[in-house]
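Novice: Attaching a single structure in structure tokens format; questions to follow.
The values are calculated or read from the model by the stated rules, or taken from the named source; none is laboratory data. Note that this is a predicted model, so its numbers are computed, not measured. Counting neighbours? That spans all protein chains shown, and the Cβs are built from the backbone with ideal geometry, glycine included.
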There are 2 protein chains.
Amino acid sequence: MPLDHTVKAFDADIGQLRGMISQMGGLAEDAIAQAMQALARPDPALAARVRADDKAIDAIEAEVERLAVRIIALRAPMAVDLREVVAALKIAAVVERIGDYAKNIAKRVPMIANATDGGDHRIEPISLLPSMARMASDMVRQALDAFAARDAQAAVRVVNSDAALDDFYDSIFRTLVTYMVENPRTISQVAHLLFVAKNLERIGDHATNVAEMVYFAATGTQMADRDRGGPDKDLP
Amino acid sequence: MPLDHTVKAFDADIGQLRGMISQMGGLAEDAIAQAMQALARPDPALAARVRADDKAIDAIEAEVERLAVRIIALRAPMAVDLREVVAALKIAAVVERIGDYAKNIAKRVPMIANATDGGDHRIEPISLLPSMARMASDMVRQALDAFAARDAQAAVRVVNSDAALDDFYDSIFRTLVTYMVENPRTISQVAHLLFVAKNLERIGDHATNVAEMVYFAATGTQMADRDRGGPDKDLP
């Protein structure tokens, strides 16, 4: 029964793809959490570790790409199966970028720590960022859970939650600018914090992209604007 | 002669892929140039047009994806041919993001123009950005030319030119922070300029990514660190 054999081989392949993407997602969530810890303490050694660990995410992405291309070429999947393999290929690339944003936050830790470890001019708005990071990280996990479950409705919920993260970002942006005006000696450090906040907002945008890919893979249609609560997204 | 027919069909397909990517690249370069014009004048109407035009780039990316998947599934290309199709798929995604960065610059024009059209506190460092934009845009064109020509050595040159763009960015970052300290009334506008400069630096990073993909497609090996002049890249 060659057909049955092919179907089973495809299921095994797609299961492996899903496992790799789930693993990448876990590593990306860890990277976000650890980068934020490194920022809050501050802990430059932990930040350095986050930067080094990013290579593991990059390596899995390369594996996903090789496997996805092999599946398309050898198994010739059709319709929903083909859409899922292509989605896996694209989602891996997005998760790799989410890891890059966490790495970039870690990279800024030493530049920001200059002002926070002296105690002289501790930057208070830094305390707003962990909540924003959790919100962004939750979106990543929910988007990848939606992929694992082929759940189009869960994907719609992720897309709709992005508006709250954008509002959070806008509020933090204004808070940081006000802080700069009132504490001009910290401007250089706070400028890096602006980028940290922006990186978290971008992580949310990327989770949204993943959710849109999940929706398309599951349904064969693009998510309609009427399915979304928020306004037209304007990346990055 | 079915084999000959297949080869010719593949060549036609890959030619079409290359044409679409070249077209995307041209649109992305236009978007960068027009966004910078809109910023320098300032011209919010032109900025709005850049934002609207981005949809054309997104549409071509979707076409590239469909065609690339069809080529892999139907023509079953091997070795260098398969690498080129996968590279086209990935490069289209990167060029789409380059378009997003140009769109994001355009989006910031009205926020920055508040300070520049009154003449009261014109932000001088804005004059540094067009040169940086040209440098970034040149990298995009050279990376896509390297793809069109399957030219691994041209790709190496693009990667090596990124260090100069990064230095330019670091210099502009410091200049803008100093300007904020000395002109606290402009902090909100200059914060947006920081992101404009960062977007241009990211465009250079993405051109570098494209060049790395071109190198891999042409040679089958990753670009070695010894081929690069600069230090280990740390995206984003």
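Novice: Would you check if B:ALA68 is within 21 Å of B:VAL210 (Cβ to Cβ), of a type in the set (Gly, Ala, Ser) and touching a Ser or Thr at 6+ places or on another chain (Cβ under 7 Å)?
Specialist: So B:ALA68 fails the test.
Novice: Taking only pairs six or more apart or across chains, which ones have beta-carbon atoms under 8 Å, a first residue in the range B:40-62 that is over 23 Å from B:LYS90 (Cβ atoms), and a second residue that is of a type in the set (Lys, Arg) and assigned to a helix (DSSP H, G or I)?
Specialist: Pairs found: B:ALA47/B:LYS107; B:VAL50/B:LYS103; B:ARG51/B:LYS103; B:ARG51/B:LYS107.
Novice: Across the range B:23-39, what is the number of residues that are farther than 25 Å from B:ALA113 by Cα and crowded, with 16+ Cβ neighbours inside 10 Å?
Specialist: Looking only at that region, the number is 3.
Novice: Residues in the range A:153-185 that are away from chain B (no Cβ under 14 Å) and more than 12 Å from A:LEU128 (Cα to Cα): how many?
Specialist: Residues flagged as away from chain B (no Cβ under 14 Å) and more than 12 Å from A:LEU128 (Cα to Cα) within the range A:153-185 amount to 14.
Novice: With the structure loaded, tell me whether A:MET139 is more than 16 Å from A:LEU39 (Cβ to Cβ), buried (at least 18 other Cβ atoms within 10 Å of the Cβ) and at pLDDT 95 or above or whether it fails that test.
Specialist: Yes: the conditions hold for A:MET139.
Novice: OK, next. Could you list all residues from the range A:152-165 that are crowded, with 17+ Cβ neighbours inside 10 Å and either acidic (Asp, Glu) or within 24 Å of A:ILE14 (Cα to Cα) (or both)?
Specialist: Hits for the range A:152-165 are A:ALA152, A:ALA154, A:ALA155, A:VAL156, A:VAL158, A:ASP162.
Novice: When you scan the range B:133-150, do you find a residue that is out of contact with any Asp or Glu (no Cβ under 8 Å at 6 or more places or on another chain) and either within 14 Å of chain A (Cβ to nearest Cβ) or over 21 Å from B:ALA28 (Cβ atoms) (or both), even just one?
Specialist: no
Novice: Would a scan of the range A:107-115 turn up a residue that is away from every other protein chain (no Cβ under 14 Å), in contact with a Pro (Cβ under 7 Å, 6 or more places away or on another chain) and either of a type in the set (A, V, I, L, M) or surrounded by 17 or more Cβ atoms within 10 Å (Cβ to Cβ) (or both)?
Specialist: yes
Novice: Here is a follow-up. Looking at B:ALA93, B:ALA76, B:ALA56 in this structure, which one is under 27 Å from A:VAL210 (Cβ atoms) and within 11 Å of chain A (Cβ to nearest Cβ)?
Specialist: From the options B:ALA93, B:ALA76, B:ALA56, the qualifying one is B:ALA93.
Novice: Now for a different question. Could you tell me which numbered condition A:GLY99 fails, if it satisfies all but one of (1) crowded, with 20+ Cβ neighbours inside 10 Å; (2) more than 14 Å from chain B (Cβ to nearest Cβ); (3) out of contact with any Gly (no Cβ under 7 Å at 6 or more places or on another chain)?
Specialist: The single condition A:GLY99 does not satisfy is (2).
Novice: Going by what's in this entry, would A:ILE126 be described as in contact (Cβ under 8 Å) with a residue 12 or more places away in the chain, touching a helix residue (DSSP H, G or I) at 6+ places or on another chain (Cβ under 8 Å) and within 14 Å of chain B (Cβ to nearest Cβ)?
Specialist: No.
Novice: Has the range B:18-26 got any residue that is out of contact with any Pro (no Cβ under 9 Å at 6 or more places or on another chain), closer than 30 Å to B:LEU129 by Cβ and within 14 Å of another protein chain (Cβ to nearest Cβ)?
Specialist: Among the residues of the range B:18-26, not one is out of contact with any Pro (no Cβ under 9 Å at 6 or more places or on another chain), closer than 30 Å to B:LEU129 by Cβ and within 14 Å of another protein chain (Cβ to nearest Cβ), which makes the answer no.
Novice: Out of A:ASN209, A:ASN183, A:ASN160, I need the residue that is closer than 19 Å to B:ASN104 by Cβ and among the polar types (S, T, N, Q). Which one?
Specialist: Residue meeting the stated conditions: A:ASN209.
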